[in-house]
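Encoded as structure tokens, the structure appears first; notes follow it.
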Amino acid sequence: MECRTGCAACCIAISISSPIPGMEGGKPAGVRCVQLTADNRCSIFGHPDRPAVCSGLQASVDMCGRTDQEAFDILHWMEAETNPGF
């Protein structure tokens, strides 16, 4: 599966504990990454300072569903299931 251009669910819905340029403490779930462009593309895609967790994410139906909204719903559920403080 290929990422859906402009979806950005993984850049908004989940928490990222790794430092991100401009978000040195990472980002909480539900917060838009500062590296997202206006059209929901990663401005540091392919750059060495992009967090490994971001580079390692691979689009799949299990994570992304069939629509952008399904991706947000699935990732929100996954975040809640894996983060006891959520």
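Around Arg4, with a cut-off of 15 angstrom between Cβ atoms, what is the net charge of the other residues, counting Lys and Arg +1 and Asp and Glu -1?
Neighbour charge sum, excluding Arg4 itself: -4.
Taking the chain as a Gaussian network, where each spring joins two C-alpha atoms under 10 Å apart, which residue of Ala59, Ala71, Ala13 fluctuates the most?
Ala59
With each run of n ≥ 4 DSSP H residues scored as -39500 (n - 2.57), what mean residue ellipticity at 222 nm is computed for the chain after dividing by its residue count and rounding to the nearest 500 deg cm²/dmol?
-8000 deg cm²/dmol
Which value, in Å², gives the accessible area per residue of the chain when a 1.4 Å probe is used on the protein heavy atoms?
About 63 Å² of surface per residue is accessible.
Can you give me the distance in nm between label points at Val53 and Arg66, each placed 7 Å from the Cα along the Cα-to-Cβ direction?
The two pseudo-label positions are separated by 3.0 nm.
Please compute the length gained on full extension between Ser15 and Glu2, using 0.36 nm multiplied by the number of residues separating them and subtracting their Cα-Cα distance.
Extra length available between Ser15 and Glu2 comes to 2.5 nm.
The values are calculated or read from the model by the stated rules, or taken from the named source; none is laboratory data. This is a predicted model, so every value here is computed, not measured. Ideal geometry is used to build each Cβ from the backbone, glycine not excepted, and the neighbour counts take in all protein chains shown. Ligands, DNA and RNA are excluded from the accessible area calculation, which covers all protein heavy atoms including side chains. Shrake-Rupley method; radii C 1.70, N 1.55, O 1.52, S 1.80 Å.
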